[in-house]
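Each remark here refers to the structure printed beneath this line.
The values are calculated or read from the model by the stated rules, or taken from the named source; none is laboratory data. Here the structure is a predicted model, which means the values were calculated and not measured. Ideal geometry is used to build each Cβ from the backbone, glycine not excepted, and the neighbour counts take in all protein chains shown. These accessible areas exclude ligands, DNA and RNA; they are computed on the full protein's heavy atoms, side chains included. Shrake-Rupley method; radii C 1.70, N 1.55, O 1.52, S 1.80 Å.
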Amino acid sequence: MKYFSNIEKVSFEGKGTKNRFAFRHYNPNEVIMGKTMEEQLRFAVAYWHTMNGTGSDPFGDGTYIRNWNGRTHMETAKNKVNAFFELLEILNVKYFTFHDIDIAPQGESLKEFMDNIDEITDLIKEKMDKTGIKLLWNTQNLFTHPRFINGAATSNNADVFAYAAAQVKKTIEVSKKLNGENIVFWGGREGYESLLNTDLNLELDNMARLLKMAVDYAKKIGHKVQFLIEPKPKEPMTHQYDHDAATTIAFLYKYNLINDFKLNLEGNHATLAGHTFEHELRTARSYGLLGSIDANHAETILGWDTDEFPTNIYDTTLAMYEILENNGLQKGGINFDAKVRRTSTSMEDLVLAHIAGMDTYARGLKSAAKMKEEKFFDSIIQERYASYKEGIGASIVSDNENLETLTDYAMKNGEIENKSNHLEYIKSMLNDYLV
Ligand code: XUL
Ligand code: CO
């Protein structure tokens, strides 16, 4: 290993191991509910945090110690590709994700940016062919550069819309070149600051227009890829159009995009929206739109998008339960959109943080599988909704009743009895699955 010297390939050693660079719960070949853990979990490493993060925050400079800086931007970009694939091999992770600007310098013009993308993706393709590692998804960054100050597709400036379209076109071409399984749209600055100067309808129509153009272009070049939208309620914008799963689903219905997109849901975005992660997963799942996840969690006390590595087994268990009930993520995966803390400065921490995330999700998978096998939630829910299995309840859900017949029934029925939910007992039983 050139960049991660002294770190061997991480393998499963089990819970008792003292080796920091070993999996204690993630055993890729172990079969859980008919599939190996590797197939169930489909982990991916995110290029932006891992290769481009510096550890800076609004109050201080970068802190991470990294060894891949070259003499030119392109040399650094190539070193990063080499280091990135080294890391993926150390972690035994089979997928990765990136934004266009993560991998290649933007240069002086759009043309130069695209030439740089071509050169770097040649190298990425070479690495993919050699290692068998695959692209889970790529995306276009339409939020960092000052040109996107008012958004991209939802900008008031049509030249910005056109520039964004060029980036989207390139993303689709790169996806085809690298055989990508999904393409993500996170609407970074697609939202508004104030209604006082905003044409909300035009902005929403334009957002849908760009998505339609993307679907049409992928079809035109014969690239069968799963498109995903990643909801987030705020940050950077005060109001983001893809607020949460439910808002995004309504948008997809309104613009007749419902068959072309699924959702990529992120833990920290869920809590920013005032939801639990499992709420977002369940909402998407109930519409058949659960596509993929960005696995991270929030420091909820802070209240912003801290993108921490997931280390909470309660959350990952409930998330994995939704994923198992969804019959897996199919083309999607578990992408670590997460950054090491500012104080985790060493190269080693990149490996240790991913191990922590992978082990936490592996534990979640195991607990969720056990709950599913033992019908833990099924039996609670069966019992709670038993009144719809017979009598008037069965008649209501068979659509055989109306307001008049139900009034007759209620008038005769006398006092209603509601049973206790015993929620504290349920939570305590759930805890038993986590240890
Ligand atoms: C931002 C975020 C993005 C998307 C991809 O909060 O999650 O990194 O995942 O653009
Ligand atoms: Co994300």
The number of residues in the range 76-92 that are in contact with a strand residue (DSSP E or B) (Cβ under 7 Å, 6 or more places away or on another chain) and over 25 Å from residue 13 (Cα atoms) is 0
Determine if the range 152-171 includes at least one residue that is open to solvent by less than 10 Å² (accessible area, probe 1.4 Å), under 24 Å from the mean Cα position of the chain (by Cα) and away from ligand 1 (no atom under 16 Å from the Cβ).
no
Report yes if residue 2 is more than 30 Å from residue 105 (Cα to Cα) and charged (D, E, K, R), otherwise no.
no
Only one of 398, 428, 367 that is out of contact with any Asp or Glu (no Cβ under 8 Å at 6 or more places or on another chain), polar (S, T, N, Q) and in the same structural domain as residue 35 (by the TED database)
367
Take the residues in the range 29-55 that are without any contact (Cβ under 8 Å) to a residue 24 or more places away in the chain and among the polar types (S, T, N, Q), then tell me which one is nearest to ligand 1 (Cβ to nearest atom).
54
Here is a check on your reading of the model: is residue 205 part of a helix (DSSP H, G or I) and either closer than 23 Å to residue 290 by Cα or modelled with pLDDT under 95 (or both)?
no
Which of the residues that make up the range 247-277 are of a type in the set (Asp, Glu) and surrounded by 20 or more Cβ atoms within 10 Å (Cβ to Cβ)?
266
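Taking the range 216-226 only, how many residues are under 22 Å from residue 249 (Cβ atoms) and open to solvent by 10 Å² or more (accessible area, probe 1.4 Å)?
Residues of the range 216-226 under 22 Å from residue 249 (Cβ atoms): 216, 218, 225-226.
Applying the additional criterion that residues be open to solvent by 10 Å² or more (accessible area, probe 1.4 Å) yields 216, 225-226.
Residues that pass the stated criteria total 3.
Do we have residue 139 as under 26 Å from residue 336 (Cα atoms), within 16 Å of ligand 2 (Cβ to nearest atom) and surrounded by 15 or more Cβ atoms within 10 Å (Cβ to Cβ) here?
Considered against the rule, which asks whether it is under 26 Å from residue 336 (Cα atoms), within 16 Å of ligand 2 (Cβ to nearest atom) and surrounded by 15 or more Cβ atoms within 10 Å (Cβ to Cβ), residue 139 comes out as yes.
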Name every residue in the range 380-407 that is without any contact (Cβ under 8 Å) to a residue 24 or more places away in the chain, open to solvent by less than 60 Å² (accessible area, probe 1.4 Å) and either under 30 Å from residue 25 (Cα atoms) or of a type in the set (A, V, I, L, M) (or both), in order of residue number.
386, 392, 394, 406
Could you figure out which of (1) surrounded by fewer than 17 Cβ atoms within 10 Å (Cβ to Cβ); (2) assigned to a loop (DSSP other than H, G, I, E, B) isn't true of residue 147?
(2)
Pairs returned, first residue in the range 63-85 that is farther than 17 Å from residue 122 by Cβ and open to solvent by less than 40 Å² (accessible area, probe 1.4 Å), second residue that is in a helix (DSSP H, G or I) and of a type in the set (A, V, I, L, M, F, W, C), beta-carbon separation under 6 angstrom, 6 or more apart or interchain, are 68/83
When you scan the range 373-421 for helices (runs of 4 or more DSSP H) that lie fully inside it, which ones turn up with 1 or more residues that are closer than 30 Å to residue 318 by Cβ?
376-384, 391-397
Given the options 96, 84, name the one that is modelled with pLDDT of 95 or more, within 30 Å of residue 28 (Cα to Cα) and part of a strand (DSSP E or B).
96
Taking residue 199, is it away from ligand 2 (no atom under 16 Å from the Cβ) and among the acidic types (Asp, Glu)?
yes
Screening 272, 302 for residues that are farther than 23 Å from residue 170 by Cα, free of Cβ contacts under 8 Å to residues at least 12 places away in the same chain and out of contact with any strand residue (DSSP E or B) (no Cβ under 7 Å at 6 or more places or on another chain) leaves only 302
Can you pull out the residues in the range 200-215 that are open to solvent by 70 Å² or more (accessible area, probe 1.4 Å) and either outside the structural domain of residue 135 (by the TED database) or in contact (Cβ under 8 Å) with a residue 24 or more places away in the chain (or both)?
209, 212, 213
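Results for (1) open to solvent by less than 20 Å² (accessible area, probe 1.4 Å); (2) under 25 Å from residue 24 (Cβ atoms); (3) in contact with a Pro (Cβ under 6 Å, 6 or more places away or on another chain); (4) at pLDDT 95 or above, shown as yes or no for each residue.
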site	(1), (2), (3), (4)
300	no, no, no, no
304	no, no, no, no
310	yes, yes, no, yes
327	no, no, no, yes
Exactly one of 112, 190 is free of Cβ contacts under 8 Å to residues at least 60 places away in the same chain and either open to solvent by less than 60 Å² (accessible area, probe 1.4 Å) or not assigned by the TED database to the domain that holds residue 38 (or both), and that one is 190
Give me the pairs: first residue in the range 217-238 and under 21 Å from residue 270 (Cβ atoms) and part of a loop (DSSP other than H, G, I, E, B), second residue of a type in the set (Phe, Trp, Tyr) and modelled with pLDDT of 95 or more, beta-carbon distance under 9 Å, and six or more apart or on different chains, which are they?
231/186; 232/186; 236/143; 237/192; 238/192
